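Here's the structure, in structure tokens; my notes come after.
Every number here is computed from the coordinates shown, using simple stated rules; none is lab data. Quantities reported herein were computed from a predicted structural model and do not represent experimental measurements. In this analysis, Cβ positions are derived from the backbone assuming ideal geometry, glycine residues included, and neighbour counts consider all displayed protein chains.
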């Protein structure tokens, strides 16, 4: 069981399941451009890599990813995603109970994400998490993004907890690197948006869990 003064989470694929809305928006866009929809599983695995990776799944065979045409498609995707970002997105099963457990013990929790605030803040509001999390650090709020330590340190400073007393939970190598760079204890979650060929153990997180329930037990909340 871990003891910490604060718990920080990555957003997509760690705290909340945003993949259904990413997949729905991409497949609608593909159909609008006369292309066949993609399997949900393939889109899900790319979500933690951001909009560029998701749109590349659908159009990367047709457009150079550095081209103006591809960027126009990405902007089209993002415009639609902003409208539909909370249609199906929700906390992962068991996560609300985990957060409630932290809150009942007066342990602050927050978010450090590479998802821009344009999407993060309305999403947190739609899920009624904005009043619960003590901090939400997005890439447009810092000079350097994960895996740099800056957003992690900013989050810790905001809530008044020393970095070494914080836990950081994430589903991507950059999450673990960011936590490590900031001197935080790191937890990798296998339930996130991880490609089948990714070796999570190679990330060398301090702890690795397969489910939200396992994470809850590790935090001493179950």
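Rounded to the nearest 10 degrees, the angle from helix 68-84 to the longest Cα principal axis of the chain is 60 degrees. As an exercise, use a Förster radius of 22 Å and the Cβ-Cβ distance of residue 206 and residue 148 to find the FRET efficiency, rounded to the nearest 0.05. For R0 = 22 Å, the calculated efficiency reads 0.70. Using a Gaussian network model of the chain in which every pair of alpha carbons under 10 angstrom is joined by a spring, one finds that among 68, 17, 87 the greatest mean-square fluctuation is at 68. Size of the chain from its Cα atoms: along the principal axes, largest to smallest, the extents are 52, 33, 31 Å. Between 0 and 90 degrees, the angle of helix 95-104 with respect to the longest Cα principal axis of the chain falls at about 30 degrees.
The angle between the Cα long axis of helix 150-159 and the longest principal axis of the Cα atoms of the chain comes to about 50 degrees, rounded to the nearest 10. Comparing Cα centroids, region 84-101 and region 35-66 end up 24 angstrom apart.
From a point 7 Å beyond the Cα of residue 105 in the direction of its Cβ, which residues of region 122-166 have a backbone N at a distance under 18 Å? Hits in region 122-166 for residue 105 at 18 Å: 133-134, 161-166.
Here the sum of -39500 (n - 2.57) over DSSP H runs of 4 or more residues, divided by the residues of the chain, equals -12000 deg cm²/dmol at 222 nm, to the nearest 500.
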